[in-house]
Amino acid sequence: MGVDISVALTWVLFLALFPISYFWIRRAWRIMVRKDYSEVALKRGCPPVNPERFAPFAAVINLLAAGLIVFVVVGVATGSLAYETWTAIAGSTIWLKFMLDFVLSRHAHPFVFRKKG
């Protein structure tokens, strides 16, 4: 009896959804309720000049991504989502969240042209 690597990776992905959704919900809570903007649109660990301006966008990104992940967890637990469906939703959500956070951080820290000399 051998261990199938695809089954192990499926379990890793499913179990990873729990802490992922927790951290994203917690981040949205910190931004919306506690008004803690320390993790909004960071670029190289530094916040933008005006993080309050980008906080609603960061909160929506985190809340929507966490909501989709919770939907996937509930769907898998109830058996209403097929394997191909829930892995596609979970993987796409994780990648889109990372990409949207990257875009937001780059938008919050505009490139400044400087004169030489």
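The values are calculated or read from the model by the stated rules, or taken from the named source; none is laboratory data. Because the structure is predicted, anything quoted here is derived from the model rather than measured. Positions of Cβ are backbone-derived with ideal geometry, glycine not excepted, and every protein chain shown enters the neighbour counts.
Cβ-Cβ contacts under 6 Å between residues 6 or more apart (or on different chains), taken from a first residue in segment 21-44 that is surrounded by 20 or more Cβ atoms within 10 Å (Cβ to Cβ) to a second residue that is hydroxyl-bearing (Ser, Thr, Tyr), are listed as Ala41/Ser105. Quick one: in segment 86-104, which of the residues that are surrounded by 19 or more Cβ atoms within 10 Å (Cβ to Cβ) and under 13 Å from the mean Cα position of the chain (by Cα) is farthest from Ile20 (Cα to Cα)? Ranking the qualifying residues of segment 86-104, first place goes to Leu104.
Looking at Thr78, is it modelled with pLDDT of 95 or more, over 21 Å from the mean Cα position of the chain (by Cα) and surrounded by fewer than 16 Cβ atoms within 10 Å (Cβ to Cβ)? So Thr78 passes the test. Of all residue pairs spaced 6 or more apart or on separate chains, those with beta-carbon atoms under 7 Å, a first member in segment 85-113 that is closer than 23 Å to Glu39 by Cα and free of Cβ contacts under 8 Å to residues at least 40 places away in the same chain and a second member that is surrounded by 12 or more Cβ atoms within 10 Å (Cβ to Cβ) and of a type outside the set (Asp, Glu) are Thr93/Ala65; Thr93/Leu68; Thr93/Ile69; Leu100/Ile61.
Every residue, every condition in (1) more than 20 Å from Thr93 (Cβ to Cβ); (2) modelled with pLDDT under 95, yes or no:
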{"position": "Leu17", "(1), (2)": "no, no"}
{"position": "Ser21", "(1), (2)": "no, no"}
{"position": "Arg26", "(1), (2)": "no, no"}
{"position": "Ser38", "(1), (2)": "yes, yes"}
{"position": "Ala41", "(1), (2)": "no, yes"}
{"position": "Arg44", "(1), (2)": "yes, yes"}
{"position": "Pro51", "(1), (2)": "yes, yes"}
{"position": "Ala58", "(1), (2)": "no, no"}
{"position": "Ile61", "(1), (2)": "no, no"}
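Residues in segment 1-52 that are within 19 Å of the chain's Cα centre (by Cα), of a type in the set (S, T, N, Q) and in a loop (DSSP other than H, G, I, E, B): Ser38 only.
Applying the criterion of being of a type in the set (Val, Ile, Thr) and within 22 Å of Val70 (Cα to Cα) to the residues of segment 1-15, the residue that is modelled with the lowest pLDDT is Val7.
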